[in-house]
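K.L.:
The structure that follows is given in the form of C-alpha cells.
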Amino acid sequence: MGIQGRVVNQGEQQLFRKVLIANRGEIALRVIRACRELGIATVAVYSTADEHSLHVKLADEAVCIGPPHSKLSYLNIANILSAADITGADAVHPGYGFLSENAEFARLCGECNVHFIGPTTANIAAMGEKTMARKIAKEAGVPLLPGTVSAVPNIAAALREADQIGYPVILKAAAGGGGRGIHIVYSAEQLKGSFDRVSSEAGAAFGNAAMYLEKYCESPRHVEIQVLCDRHGNRISLGERDCTIQRRHQKLLEESPSPILDPNLRQQMGDAALKLCAAVSYENVGTVEFLVDNRDKKFYFMEMNTRIQVEHPVTEMVTGIDLIKEQIRSAAGIPLKLKQSDISIDSHSIECRINAEDSEKFTPSPGKITGLHLPGGFGVRVDSFVYDQYKVVPFYDSMIGKLIVHAGNRHDAIAKMRQALDEFQIEGIKTNIPFHKKILASKKFRDADYDTHFLEEFLSKTE
Ligand code: MV4
C-alpha cells in the first residue's frame with residue numbers, strides 16, 4: 001500500500017493511522033500519549049532489557065527489536081523498519097537521541113513508504129554538518145561568532161585563521177555537536193600542540209576529522225529558540241529556553257523564558273532562527289541554539305538541532321502548545337494553524353532532569369525502585385517512565401524522568417519546584433534530586449546570575 005493509501009480522514013485532517021515509536025523511556029510515553037489523543041494507533045519497539053517498560057505496556061502493539069546494547073536494538077535500522085513493515089505502521093517517530101538526527105534513517109523511512117516524523121533528510125544533513133550550518137546561517141544574515149565557515153585543512157591554516165580571529169579560539173569538530181569534540185585554545189603554541197590530536201580524536205569519534213574554528217566566548221549563556229514549521233512555508237518561533245545549567249555538556253535544569261532576554265532580544269533571536277529555517281526550507285519542529293554573551297547580551301548562532309528535545313516541555317507550558325501533536329500534524333502535511341501573533345509568553349516554567357545517579361560522584365545508580373511517591377498539584381508535571389518496583393536498567397541514559405513546573409513568574413516557579421523536589425520520593429536507587437535542591441537554593445541561581453561555568457564553580461565551592 002502506498003503512503004497516501006495509509007492516511008485516514010480525521011474530520012478535515014489527514015493524519016496517520018499507526019505510528020511506530022523508535023525510542024524508549026519517557027519520550028516514548030510522551031509520543032504514545034499524544035498519538036492516542038489524536039486517535040492514532042501506536043507500536044512500541046523494545047530491547048530485551050526493556051521488556052517490562054511502560055512504553056511496551058501503553059502502546060497498542062509492541063515488537064522486540066534486539067538485545068540490550070542500543071547498537072543492536074534502538075539503533076538497528078533494519079530491525080526497526082521491519083517492525084514498521086510487519087505492523088503496518090505508516091509513520092515513525094524517532095524521539096530524541098538514537099536515530100532522531102540520522103539523515104540516512106530518515107531517507108530509508110521514505111524508501112520504505114513510512115513517514116519520518118521530523119524534518120526532511122536534506123534538513124537533517126545540512127544542519128548535522130556544523131560547518132555547512134554555519135555557512136547557511138552566515139549567508140542568511142544570522143549573527144555568528146568570528147570563525148571559519150569551512151573545515152580548516154591543517155595546522156598552518158589553523159594558525160593563520162586563529163591569528164585573524166584572535167585568541168582564545170575554540171576548535172570544534174564539524175561532525176560533532178552538543179559539546180562533543182570541542183577544545184579551547186589560548187595561544188598559537190597550544191594550537192600547534194593540539195590541532196592534530198583533537199582532529200584525529202574527532203575522526204575516531206564521528207568518522208569525520210574535519211575541524212573548524214570560532215572565537216571563544218568566555219562567559220556565555222546557552223539560549224535556544226524553539227521553531228515550528230510546516231511544508232507550506234509557514235514558520236513560527238515559540239520563545240526560548242535557557243539551558244545554561246549544564247555539567248560536562250549534560251543539561252540538568254532548563255527554564256523558559258530566559259531571565260536574561262527582554263521582548264526586543266527575544267524578537268531578534270526568534271527572527272534570526274526563522275531566517276535560518278527559511279534558508280533551508282525547514283519542516284517540522286527544530287531548535288536553533290545560540291550563545292548569548294553575558295557581558296553585552298549579543299547573540300551568536302551555534303548549531304541547529306533537528307529533533308524534538310528533552311527540554312521541550314518548558315516551551316509547552318509557557319506557550320500552551322503541544323509540540324508532539326504539532327510535530328505529527330506537520331509531518332502529515334497539515335498546514336500550521338498557529339500564527340506568530342498567537343504566541344505570547346507571560347508565565348514561567350522550569351524543568352529538572354531526574355537522573356538515576358549518585359549526585360556526589362555523578363556515577364550511574366541503576367537498580368530496583370522499592371518505593372515511589374511522585375509530586376503533584378497545580379502547575380506540576382512529571383514526565384517519567386518509572387513505577388514502583390521498576391528496575392532501572394544500566395544500558396541507557398541515566399535520565400529516568402523530568403519534573404516540570406509552571407507558575408506566573410520565575411520566583412513562584414522556583415518555589416513550586418523546591419516544593420515538588422521536597423515531595424519527590426524514590427527509594428532503592430540514588431538520584432540527583434538532592435543536587436537540584438542545592439542549585440535551587442543557591443543565590444546565584446535565584447538571582448539568575450549565572451553562565452556556563454556555574455556548576456563547576458558551584459561544585460568547587462560545595463565540595
Ligand atoms: C562555545 C563556547 C564558547 N565560545 N563556542 C558547548 C556545547 C556546544 N554546543 C558548544 N559549546 C560551547 N561553544 C564558542 N565560540 C562555549 C561552549 C560551552 C557551553 C555552551 C553551552 C552550555 C554549556 C557550555 C559549557 C562549556 C562550553
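K.L.:
Can you divide the C-alpha Rg of segment 371-418 by 2.2 N^0.38 Å and report the result to two decimal places? Please list the in-between numbers first.
P.N.:
Numbers: Rg = 13.3 Å, N = 48, 2.2 N^0.38 = 9.6 Å.
Relative to the 2.2 N^0.38 Å estimate, segment 371-418 comes out at 1.39.
K.L.:
Could you give P(r) for the chain, binned at 20 Å from zero, as whole percent values over all Cα-Cα pairs?
P.N.:
Taking all Cα pairs of the chain, the binned fractions are 24, 59, 18, 0 percent.
K.L.:
In vacuum, with every alpha carbon of segment 146-215 counted as one equal point scatterer, what does the Debye formula give for log10 I(q)/I(0) at q = 0.21 Å⁻¹? Two decimals, please.
P.N.:
-0.76
K.L.:
Provide the three semi-axes, in whole Å and in decreasing order, of the ellipsoid equivalent to segment 90-197 as defined by the square roots of 5 times the Cα gyration tensor eigenvalues.
P.N.:
Equivalent-ellipsoid dimensions as semi-axes: 34, 15, 11 Å.
K.L.:
Using the Cα gyration tensor of segment 390-463, with a ≥ b ≥ c the square roots of its eigenvalues, what is the shape: rounded (a/c below 1.5), prolate (a/b larger than b/c) or oblate (neither)? Working shown, then result.
P.N.:
Numbers: a/c = 2.13, a/b = 1.34, b/c = 1.59.
Here segment 390-463 falls in the oblate category.
K.L.:
Arranged from highest to lowest average of other beta-carbon atoms within 10 Å per residue, in what order do the peptides 125-134, 288-297 appear?
P.N.:
Values: 125-134: 20.9, 288-297: 17.9.
Ranking the peptides 125-134, 288-297 by packing returns 125-134, 288-297.
K.L.:
Could you work out how far the C-alpha centroid of segment 381-449 sits from that of segment 102-118, in angstrom?
P.N.:
So the two Cα centres are separated by 35 Å.
K.L.:
Now, a different point. What number results when the radius of gyration of segment 229-365, computed over Cα atoms, is divided by 2.2 N^0.38 Å? Display every interim value, and only then the final one.
P.N.:
On the way: Rg = 15.9 Å, N = 137, 2.2 N^0.38 = 14.3 Å.
Taking the Cα Rg and dividing by 2.2 N^0.38 Å, one obtains 1.11.
K.L.:
So what is the diffusion coefficient of segment 220-462 in µm² per second by Stokes-Einstein at 20 °C and 1.002 mPa s, using a Kirkwood Rh over Cα pairs? Numbers along the way, then the final one.
P.N.:
Values: Rh = 18.7 Å.
Using the Kirkwood radius from Cα pairs, D works out to 115 µm²/s.
K.L.:
Okay, next question. Normalise the Debye intensity by I(0) for segment 102-156, one equal point scatterer per Cα, no solvent, then take log10 at q = 0.25 Å⁻¹ and round to two decimals.
P.N.:
Scattering profile of segment 102-156, log10 relative to I(0): -0.92.
K.L.:
Now, a different point. Evaluate the Kirkwood expression for the hydrodynamic radius of segment 9-117, namely the inverse of the mean inverse distance over all pairs of different C-alpha atoms, and round to one decimal in Å.
P.N.:
Values: mean 1/r = 0.0736 Å⁻¹.
So the Kirkwood estimate lands at 13.6 Å.
K.L.:
Semi-axes of segment 250-303's equivalent ellipsoid from the Cα gyration tensor, sqrt of 5 times each eigenvalue, largest first, rounded to whole Å?
P.N.:
For segment 250-303, the ellipsoid semi-axes come out as 20, 15, 11 Å.
K.L.:
Let me ask something additional. Using a basic spin-label model with each label point 7 Å from the Cα along Cα→Cβ, how many nm lie between Ser200 and Ala157?
P.N.:
1.9
Coordinate-derived values only; no laboratory data. Worth saying up front: this structure is predicted, and the values here are computed from it rather than measured. Backbone-built Cβ (ideal geometry, glycine too); neighbour counts: all protein chains shown.
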